[in-house]
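> The structure under discussion is supplied below as structure tokens; questions concerning it will follow.
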Amino acid sequence: MAVLDITDDGFALDGRPFRIVSGGLHYFRVHPAQWPDRLRKARLMGLNTVDTYVPWNLHEPRPGTFDFDGILDLAAFLDQAAAEGLHVLLRPGPYICAEWEGGGLPSWLLAEPGMVLRSTEPGFLAAVDRYLDALMDIVLPRLGTRGGPILAVQVENEYGAYGFDTVYLEQLAQALLSRGIDVPLFTSDQPGDLAAGALPGVLSTANFGGKVTASLAALRAQQPTGPLMCTEFWNGWFDHWGGIHSVRSAEDAGAALDEMLQAGASVNFYMFHGGTNFGFTNGANDKGTYRATVTSYDYDSPLDEAGDVTEKYRRFRSIIGKYETVPEEDLPEAAPKLAPVSVALTARAPLFESLDALGTAQSAESPLTMEQLGQAFGFVLYETVLPSAGPATLAFEQIADRAQVFVDGQPLGVLERERHEHVLSFVVPRDGATLRVLVENQGRVNYGAKLADRKGLIGTVHLNDAPLTGWTSRPLPLTDLSGLRFGELDGTVVGPVFHRGVFTVDAAADTFLHLPGWTKGVAWINGFNLGRYWSRGPQGSLYVPGPVLRAGENDLVVLELHGAREPVADLRPVPDLGPTEL
């Protein structure tokens, strides 16, 4: 049993003074075969605890349907942490931020027109209750009070940056307590939001990356007694498409860590190991301009995206050793990487010729949103008929998030939410021409006031100032590509195309997929969705976990939305996370 108590000046574990030295490690961003390696390296850096969010949206992909298998096997992750001798800080949400799609809130919540997220709205709280019920079979036996690794559980996440409804927080806390959570509860907020996010009787903690003395002073002003804890020590940062690769020097971050530990505070590194936003799971920000987060969640962390030790890791380990006992074991060498491989993607399957294998269209007078279609991730293809030939102006009320427009199969242009684009003018070639609009969900907003981020074509579409009606909306979640029929096609294919290539390796190892000369799309290896790529950068490669590969033949599929200089991809032993300045 490991019982954490809150004292007047700190924490006590089983009655003895205890400092939490923790690191963020999200099981759902790391291939499960690699969990033991990452957890061992957490312990070797001097951590006694790991911290993880729980992504409600993946665990309950449809109302009442739950998934706790594979990369979502929370029980196995918690047991592996315990086997490594690590405690756990559990942050189940329901909202987690995390630069994660929708902040972890399921998209199906937005199918209800009256839904109010992060509130006491009955429909929202009923959904939260069902989610928490499903978690308890996993969580309760693994609480520290029952011999498990979980020391404490967070109530919501940075709520002070979102709202002021203490009743909502109280109801969430009561929902946890009434289900048997008997370890300490805590909240976490940025220093300026502590008062709004605090809950009487619940430990307040702070999130910050610098100004350590002032930030801890703000926490102490909010909470005169009890532990000082930074629940998110931002030792790095995340990247947006079209930006730069964010870095923070080991020297600068190490100085802040030293100051924090010298002050007697507990700490959780955000992140210790960031991992990857595999598939379509990245989030986005919108503070007036929509900006999607990239696939990599390397975060300039002590342990990089491939799980290798960095200079920052070594510096942090040395600093932790000044205040706490650090294992004397030697640090592991970098994991083996695959030797360079060039992959020719010679087989093709045009998207528009493969629609029946990818999704079923629904008819309606107006375009249906992803949420109305019961779809969380991927694309929607909208089709209608243009009544007459001649000059035309097409105006969309709202595009979420990126629309490729075609008439009779010919591309007319791209409209992006990021660039506040809504209108396209062109010449309709004939009466009854087919209009197609392929819309990509680039990631739901995960922070701030715009969490209710519905996807697809939203509202009315106008053609020459008249409403355009008679639409079909076809969901393309791209979760199953087995129905695609690839062939050796001659000449250029206009429009989005799936490209396929086969390559052989002697033994599986980590690698990075580079797509020089390609424009934008998604890549899969052996059916595993590696995530999005985009020539816009900064990210220029996709991490391929070794366990995704197999000795012998492997299958690479790339959906290219625009075009590639030549259909060749490279597997290289080093990543390209992009420039650190423009």
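> The conditions are (1) farther than 28 Å from ALA98 by Cβ; (2) touching a helix residue (DSSP H, G or I) at 6+ places or on another chain (Cβ under 6 Å), and SER388 fails exactly one of them. Which is it?
(2)
Okay, residues lined up against (1) hydroxyl-bearing (Ser, Thr, Tyr); (2) part of a helix (DSSP H, G or I); (3) surrounded by 22 or more Cβ atoms within 10 Å (Cβ to Cβ):
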| site | (1), (2), (3) |
| --- | --- |
| GLY24 | no, no, yes |
| PHE28 | no, yes, yes |
| TRP35 | no, yes, no |
| ASN57 | no, yes, yes |
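> Which one is nearest to the chain's Cα centre (by Cα) among residues in the range 234-282 that are over 30 Å from PRO106 (Cβ atoms) and of a type in the set (Ser, Thr, Tyr)?
Among those that are over 30 Å from PRO106 (Cβ atoms) and of a type in the set (Ser, Thr, Tyr), it is SER249.
> Still on this structure, I have one more. In the range 531-550, which residues are buried (at least 18 other Cβ atoms within 10 Å of the Cβ) and either closer than 16 Å to THR504 by Cβ or of a type in the set (Lys, Arg) (or both)? Step through it out loud before you land on a result.
To start, the set of residues in the range 531-550 that are buried (at least 18 other Cβ atoms within 10 Å of the Cβ) comprises 531-534, 537-546, 548-549.
Once the filter is applied, which keeps residues that are buried (at least 18 other Cβ atoms within 10 Å of the Cβ) and either closer than 16 Å to THR504 by Cβ or of a type in the set (Lys, Arg) (or both), the range 531-550 yields ARG532, VAL544, GLY546, VAL548, LEU549.
> If you don't mind, another one. Evaluate the following for GLU383: is it out of contact with any Cys (no Cβ under 7 Å at 6 or more places or on another chain), within 30 Å of ASP490 (Cα to Cα) and surrounded by 15 or more Cβ atoms within 10 Å (Cβ to Cβ)?
For GLU383, the condition - out of contact with any Cys (no Cβ under 7 Å at 6 or more places or on another chain), within 30 Å of ASP490 (Cα to Cα) and surrounded by 15 or more Cβ atoms within 10 Å (Cβ to Cβ) - is met.
> Further question on the same structure: Could you check, for the range 98-108, whether at least one of its residues is assigned to a loop (DSSP other than H, G, I, E, B), under 20 Å from TYR270 (Cα atoms) and in the same structural domain as VAL50 (by TED's automatic domain parsing)?
Kept after step one, since they are assigned to a loop (DSSP other than H, G, I, E, B), are these residues of the range 98-108: 98-99, 105-106.
Cutting the leftovers down to under 20 Å from TYR270 (Cα atoms) gives us 98-99.
Still in the running and in the same structural domain as VAL50 (by TED's automatic domain parsing): 98-99.
The answer is yes, given that some residue of the range 98-108 is assigned to a loop (DSSP other than H, G, I, E, B), under 20 Å from TYR270 (Cα atoms) and in the same structural domain as VAL50 (by TED's automatic domain parsing).
> Can you spot a residue in the range 309-325 that is surrounded by 24 or more Cβ atoms within 10 Å (Cβ to Cβ) and either in contact with an Asp or Glu (Cβ under 6 Å, 6 or more places away or on another chain) or assigned to a loop (DSSP other than H, G, I, E, B) (or both)?
no
> For the range 24-42, check the following and say yes or no: at least one residue is more than 22 Å from the chain's Cα centre (by Cα) and over 14 Å from LEU78 (Cα atoms).
yes
> Turning to a different aspect of this structure: Just one of ASP356, ASP431, ASP453 is among the acidic types (Asp, Glu) and not in a loop (DSSP other than H, G, I, E, B); which is it?
One residue alone meets the criteria, ASP356.
Condition check ((1) hydrophobic (A, V, I, L, M, F, W, C); (2) at pLDDT below 95; (3) farther than 30 Å from MET115 by Cα) across all residues:
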residue: VAL427; (1), (2), (3): yes, no, yes
residue: THR434; (1), (2), (3): no, no, yes
residue: LEU438; (1), (2), (3): yes, no, no
residue: GLN442; (1), (2), (3): no, no, no
residue: LYS450; (1), (2), (3): no, no, no
residue: GLY456; (1), (2), (3): no, no, no
residue: THR460; (1), (2), (3): no, no, no
residue: LEU463; (1), (2), (3): yes, no, yes
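> Report, by residue number, each residue of the range 109-121 that is closer than 20 Å to GLU170 by Cα and either of a type in the set (Ser, Thr, Tyr) or in a helix (DSSP H, G or I) (or both).
If the condition is that a residue be closer than 20 Å to GLU170 by Cα and either of a type in the set (Ser, Thr, Tyr) or in a helix (DSSP H, G or I) (or both), then SER119, THR120 are the ones that fit.
> Which of the residues belonging to the range 355-365 are surrounded by fewer than 20 Cβ atoms within 10 Å (Cβ to Cβ) and not β-branched (Val, Ile, Thr)?
Hits for the range 355-365 are LEU355, ASP356, ALA357, ALA361, GLN362, SER363, ALA364, GLU365.
> Taking the stated definitions as given, is THR511 touching a Pro at 6+ places or on another chain (Cβ under 9 Å) and β-branched (Val, Ile, Thr)?
yes
> Considering only the range 465-494, state which residues are at pLDDT below 95 and either in contact with a Phe, Trp or Tyr (Cβ under 8 Å, 6 or more places away or on another chain) or under 18 Å from GLU383 (Cα atoms) (or both).
VAL494
> Determine which single condition ASP298 fails, assuming it passes every other condition in (1) touching a Gly at 6+ places or on another chain (Cβ under 7 Å); (2) in a helix (DSSP H, G or I).
Of (1) touching a Gly at 6+ places or on another chain (Cβ under 7 Å); (2) in a helix (DSSP H, G or I), only one is false for ASP298: (2).
> Next question, about the same structure. Please count how many residues of the range 62-97 are charged (D, E, K, R) and in a loop (DSSP other than H, G, I, E, B).
Count: 4.
> Out of PRO327, PRO336, which single residue is modelled with pLDDT of 95 or more and more than 31 Å from the chain's Cα centre (by Cα)?
PRO327
> Kindly indicate which of GLU553, GLU560 is surrounded by fewer than 17 Cβ atoms within 10 Å (Cβ to Cβ), at pLDDT 95 or above and of a type outside the set (Val, Ile, Thr).
It is GLU553.
> So the check is Cβ under 6 Å with 6+ separation or different chains; which pairs have a first residue in the range 562-577 that's at negative phi and of a type in the set (Ser, Thr, Tyr) and a second one that's modelled with pLDDT of 95 or more and not in a loop (DSSP other than H, G, I, E, B)?
none
> Could you please find all residues in the range 37-47 being outside any helix (DSSP H, G or I) and either surrounded by fewer than 20 Cβ atoms within 10 Å (Cβ to Cβ) or in contact with a Lys or Arg (Cβ under 8 Å, 6 or more places away or on another chain) (or both)?
MET45, GLY46
> If you scan the range 529-541, which residues turn out to be under 26 Å from GLY552 (Cα atoms) and either over 16 Å from the mean Cα position of the chain (by Cα) or of a type in the set (S, T, N, Q) (or both)?
Hits for the range 529-541 are ASN529, SER541.
> Let me confirm something: among THR205, THR213, THR187, which residue is within 24 Å of PHE124 (Cα to Cα) and among the polar types (S, T, N, Q)?
The unique qualifying residue is THR187.
> Moving on to the next point. Does the range 220-252 hold any residues that are among the small types (Gly, Ala, Ser), surrounded by fewer than 20 Cβ atoms within 10 Å (Cβ to Cβ) and part of a loop (DSSP other than H, G, I, E, B), and which are they?
If the condition is that a residue be among the small types (Gly, Ala, Ser), surrounded by fewer than 20 Cβ atoms within 10 Å (Cβ to Cβ) and part of a loop (DSSP other than H, G, I, E, B), then GLY226, GLY242, GLY243, SER246, SER249 are the ones that fit.
> Moving on. If I filter the range 280-308 down to residues being of a type in the set (Val, Ile, Thr) and in contact with a Leu (Cβ under 9 Å, 6 or more places away or on another chain), which single residue comes out as surrounded by the fewest Cβ atoms within 10 Å (Cβ to Cβ)?
Kept after step one, since they are of a type in the set (Val, Ile, Thr), are these residues of the range 280-308: 281, 289, 293-295.
Still in the list and also in contact with a Leu (Cβ under 9 Å, 6 or more places away or on another chain): 281, 294-295.
Values: THR281: 26, VAL294: 28, THR295: 28.
Among those residues, the one meeting the criterion is THR281.
The values are calculated or read from the model by the stated rules, or taken from the named source; none is laboratory data. The model shown is predicted, which means the values in this text are computed figures rather than measured ones. Cβ: placed from backbone, ideal geometry, glycine included. Neighbour counts: every protein chain shown.
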